[in-house]
Amino acid sequence: MNGQALKSKINFLFLVLIAGILSTLLHELGHCIFYWIQGIPAAMSLVKEYPLVDIIPANQYAIGSAGGPLVNIVLIIVSYIMIRKYEKHSRAWNYLSALILANSFYVIVRSLIALQHGEGEELEYAANLIGLNYLHVIGLFFLITIVILALWTNRFRIKASVKNGLSFVVFLIAYFLVLGLMQVVDQSLFWNKFSTIQIDDGRVYHQKR
């Protein structure tokens, strides 16, 4: 890889990380919006949303939980719809590609965490609203993400090569590290400013250690 290609790759990595930070904030805003439309006051920090009152009935919490993941899926779909009219490596193409990758990383990481823990948390609560298991929602979101990534790589002739595969892995690891750093900062600065709330079915949200 020559110097110019390496510089372009590094610049694109920074775009993906910026898109990851922005998408994380929009994810939390999505939760808040779905609370607000139910008349439930809510606030957000860097990586967490906070209902500000006890929630009765419990399905209102499930609706609020659905808002964040839906934002990520909508961003993936809308970014792909918009990117089709731009030339590869144009400024707009780079921005939209970064959004596609960053939000795809969210779905991938969130799905892996859910499978590892054996439960889907916000995805599970949202899935239960319509009588589904969280695995159904994870499978659907994962399928949408893979299809969009396949369409993106096919439309712009992005080769399935070892080099591109390694770049994808490096970008994913960098994304994961940035989100981890955001959580550390968030926990240090903001988490203790919000109260624990009770959900009607007996669950506790934002329980402090």
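The values are calculated or read from the model by the stated rules, or taken from the named source; none is laboratory data. All figures in this text were calculated on a predicted structure; none of them were measured in a lab. Ideal geometry is used to build each Cβ from the backbone, glycine not excepted, and the neighbour counts take in all protein chains shown.
Some points to look at:
A quick yes/no check of all residues on (1) closer than 24 Å to Gly165 by Cα; (2) touching a Leu at 6+ places or on another chain (Cβ under 8 Å); (3) basic (Lys, Arg):
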site	(1), (2), (3)
Ile83	yes, yes, no
Trp93	yes, no, no
Leu96	yes, no, no
Ser104	yes, yes, no
Val109	yes, yes, no
Gln116	yes, no, no
Leu123	no, no, no
Asn128	no, no, no
Tyr134	no, yes, no
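- Every test in (1) at pLDDT below 95; (2) more than 19 Å from Ile100 (Cα to Cα) is passed by Leu46 save one, and that test is (1).
- Of the candidates Gly64, Gly68, the single residue that is closer than 19 Å to Tyr175 by Cβ and either modelled with pLDDT of 95 or more or not in a strand (DSSP E or B) (or both) is Gly68.
- Here segment 1-30 is the region considered, the condition is being within 11 Å of the chain's Cα centre (by Cα) and of a type in the set (S, T, N, Q), and the residue that is surrounded by the fewest Cβ atoms within 10 Å (Cβ to Cβ) is Ser23.
- Residue count for segment 85-120, restricted to those that are among the basic types (Lys, Arg) and either surrounded by 13 or more Cβ atoms within 10 Å (Cβ to Cβ) or closer than 18 Å to Phe142 by Cβ (or both): 1
- Segment 121-166, subset among the β-branched types (Val, Ile, Thr) and under 15 Å from Ile63 (Cα atoms), residue surrounded by the most Cβ atoms within 10 Å (Cβ to Cβ): Val137
- Residues located in segment 37-58, provided they are surrounded by fewer than 17 Cβ atoms within 10 Å (Cβ to Cβ) and either hydroxyl-bearing (Ser, Thr, Tyr) or more than 19 Å from Thr24 (Cα to Cα) (or both): Ile37, Gln38, Gly39, Pro41, Leu52, Val53, Asp54, Ile56, Pro57, Ala58
- Of the residues making up segment 36-57, one or more are in a helix (DSSP H, G or I) and either under 23 Å from Phe105 (Cα atoms) or without any contact (Cβ under 8 Å) to a residue 12 or more places away in the chain (or both).
Residue-by-condition table, conditions (1) more than 21 Å from the chain's Cα centre (by Cα); (2) free of Cβ contacts under 8 Å to residues at least 12 places away in the same chain:
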position	(1), (2)
Asn103	no, no
Thr153	no, yes
Ile158	yes, yes
Leu166	yes, yes
Val169	no, yes
Leu172	no, no
Met182	no, no
Asp200	yes, no
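- Checking Ile197 against (1) at positive phi; (2) touching an Asp or Glu at 6+ places or on another chain (Cβ under 7 Å), the condition it does not meet: (1)
- Restricting attention to segment 189-203, the residues being modelled with pLDDT under 90 and surrounded by 11 or more Cβ atoms within 10 Å (Cβ to Cβ) number 3.
- Test: residue in segment 72-80 that is polar (S, T, N, Q) and crowded, with 22+ Cβ neighbours inside 10 Å: yes
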